[in-house]
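Heads up: the structure comes next, in structure tokens.
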Ligand code: HEM
Ligand SMILES: *[C@@H]1O[C@H](CO)[C@@H](O)[C@H](O)[C@H]1NC(C)=O
């Protein structure tokens, strides 16, 4: 009796065990179909791809310095909105609004230079390298051009077919958003507090248009602003309702506007941050300790920045057979 019941329970055990093994194998097969991102994905299909991108970035940067700000900002605006899928680059169509035309994208520029890189890559290897990878690698090389660290990044992303303009506000914080909400949005992607503090260091370069600042100047000057910085801001933004066509802006970092460096942290500790979110980063108890540490230690800033950019660049990519390799970065391929 005892021995037969134990042998039948062995049988049950074996069946369950084999079932689990089979399920495990099935999962592995699924994983094989979704290869994920890897280093140097194009080493066989287009061995020169990364060199062509690096060379184009250097050439374009020489002629149009501010295009590097755009490459850096693009990685945030594309990858943080659900996926690094180059959806940011799609133009408006009859059916859908482009992400580029939403309020969060205000000031994004220089898309034509991404097209220049794509064209150079297409000449060598037509329809092999995704716009999503070109966007990410141009950010990697743009960061170096701006004096930032070299961050090795994986490739193998494919391009999405549709704009995500209807959800950008869920993923991209506004200029005046609270720190806790900013931390939540980045936290959902796996980026922790020092990672967020480091990413905002991107505001060490480039510019901010008056429309995003005037709330801190009119009808009265935000008392939290450093009074030494106010006259400059008022001079650059003389109207409480800026003329949208006048292209009025303030440089993010007056001392080293072209350098990705930790001067941003000294500025915001000194209450010279332009956006409300920049100011709060230095004054919220959750983020202030990291701001202080990055202000003192550029290596620490670069280390955290590299870690956070890596996570951002790997946010939910389309790989394997998902998505497509776009022929032109601003339009999805036609279906037959
Ligand atoms: C809380 C998150 C963030 C908010 C609310 C925010 C908001 C803004 C705003 C309002 C501007 C000014 C745009 C203009 O007037 O032309 C700007 C510029 C910029 N942002 Fe952010 N940003 C955030 C995070 C990031 C991140 C994570 C990066 C990159 C890693 C980034 C990179 C840049 C760059 C490089 C510029 C200058 C662009 C130029 O001069 O063309 N930002 N940002
Ligand atoms: C943030 O700024 C926008 C205008 O850019 C404004 O409509 C909104 O009310 C502001 N939000 C807060 C919380 O102040």
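The values are calculated or read from the model by the stated rules, or taken from the named source; none is laboratory data. Note that this is a predicted model, so its numbers are computed, not measured. Cβ coordinates were reconstructed from backbone atoms using ideal geometry, including for glycine residues, and neighbour counts include every protein chain displayed.
Structure data summary
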quantity: Residue 160 out of contact with any helix residue (DSSP H, G or I) (no Cβ under 7 Å at 6 or more places or on another chain) and within 15 Å of residue 79 (Cα to Cα); calculated: no
quantity: Top-ranked residue in the stretch 171-181 [being part of a helix (DSSP H, G or I) and either in contact (Cβ under 8 Å) with a residue 40 or more places away in the chain or within 14 Å of residue 200 (Cα to Cα) (or both); ranked as farthest from ligand 2 (Cβ to nearest atom)]; calculated: 171
quantity: Within the stretch 182-281, helices (runs of 4 or more DSSP H) holding 1 or more residues that are within 14 Å of ligand 1 (Cβ to nearest atom), over 30 Å from residue 313 (Cβ atoms) and free of Cβ contacts under 8 Å to residues at least 60 places away in the same chain; calculated: 230-236
quantity: Condition broken by residue 290, with the remaining ones in (1) within 23 Å of residue 74 (Cβ to Cβ); (2) buried (at least 19 other Cβ atoms within 10 Å of the Cβ) satisfied; calculated: (1)
quantity: Of residues in the stretch 71-102 being in a helix (DSSP H, G or I) and free of Cβ contacts under 8 Å to residues at least 60 places away in the same chain, the one surrounded by the most Cβ atoms within 10 Å (Cβ to Cβ); calculated: 88
quantity: Odd one out for residue 212, checked against (1) under 29 Å from residue 302 (Cα atoms); (2) modelled with pLDDT under 95; (3) touching a helix residue (DSSP H, G or I) at 6+ places or on another chain (Cβ under 8 Å); calculated: (3)
quantity: Residue in the stretch 113-135 that is within 13 Å of ligand 1 (Cβ to nearest atom), in a helix (DSSP H, G or I) and crowded, with 24+ Cβ neighbours inside 10 Å present; calculated: yes
